[in-house]
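What follows is calculated from the coordinates using simple rules that are stated; it is not laboratory data. Keep in mind the model is a prediction, meaning the values are calculated, not measured. Every residue, glycine among them, receives a Cβ derived from its backbone with ideal geometry; neighbour counts consider all protein chains shown.
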Amino acid sequence: MLALIAEERANLDLQQRILDKRRGNLSDDVLEMSAELSVKQAELASLTTLLTTLPEGDTKSDYERRRRALNRRITELQDRQLEFNPVSLIDREFDVARLTASLAEATALEAAVNARKAAL
């Protein structure tokens, strides 16, 4: 019985470490995305202003291609931000809380089995 409990605790510990790592990465990802999105939007605004002043030609064509690429990247970043909405963050926090509770239950069961074993 104790071996099964130990194995279950090891599995729960691993799952919790994985979720903690994902949660840490999630925070970093959200900050990086927000920063990159701000930079790309500022770059797009300045590029759009610059394009209105340029005469037709190769330079203007190059900047228009760059503007389209920036628009695509901004759209990608905005789509990724939707993945990190409050509901998904709450789901991750719920998973962490569930694992913490399961670990506590496994520890309590192990203590109860050890107490019963000692009483016998």
Residue order, fewest to most beta carbons within 10 Å, for ARG116, ARG80: ARG116, ARG80
Cut-off 14 Å between beta-carbons: net charge of the residues surrounding SER61, Lys and Arg +1, Asp and Glu -1: +1
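So if R0 is 22 Å, what FRET efficiency would PHE84 and LYS21 give, r being the distance between their Cβ atoms, rounded to the nearest 0.05? Show your work: numbers first, answer last.
Working: r = 16 Å, r/R0 = 0.73.
Efficiency, from the Cβ-Cβ distance: 0.85.
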In range of the label at ALA118: residues from the stretch 93-109 whose backbone nitrogen is under 15 Å from the point 7 Å along Cα→Cβ: 108-109
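Counting alpha carbon pairs within less than 8 Å and at least 6 residues apart, what relative contact order, in whole percent, applies to the chain? Walk me through the numbers on the way to the answer.
On the way: 43 pairs, mean separation 60.3, N = 120.
Averaging sequence separation for qualifying contacts and normalising by length gives 50 percent for the chain.
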In the stretch 1-68, GluC sites (Glu not before Pro) in a DSSP loop with at most 14 other beta-carbon atoms within 10 Å: GLU56
Residue-averaged 222 nm ellipticity for the chain, from DSSP H runs of 4+ at -39500 (n - 2.57), nearest 500: -34500 deg cm²/dmol
Cα→Cβ-extended label distance, 7 Å offset, between LEU54 and ASP13, nm: 5.9
Extension gain, THR107 back to PHE94 (0.36 nm per residue minus Cα-Cα distance, nm): 2.7 nm
Summed side-chain charge close to GLU83 - residues other than GLU83 whose Cβ falls under 12 Å, Lys, Arg +1, Asp, Glu -1: -2
Fewest-first sequence of PHE84, PHE94 by Cβ atoms within 10 Å of each Cβ: PHE94, PHE84
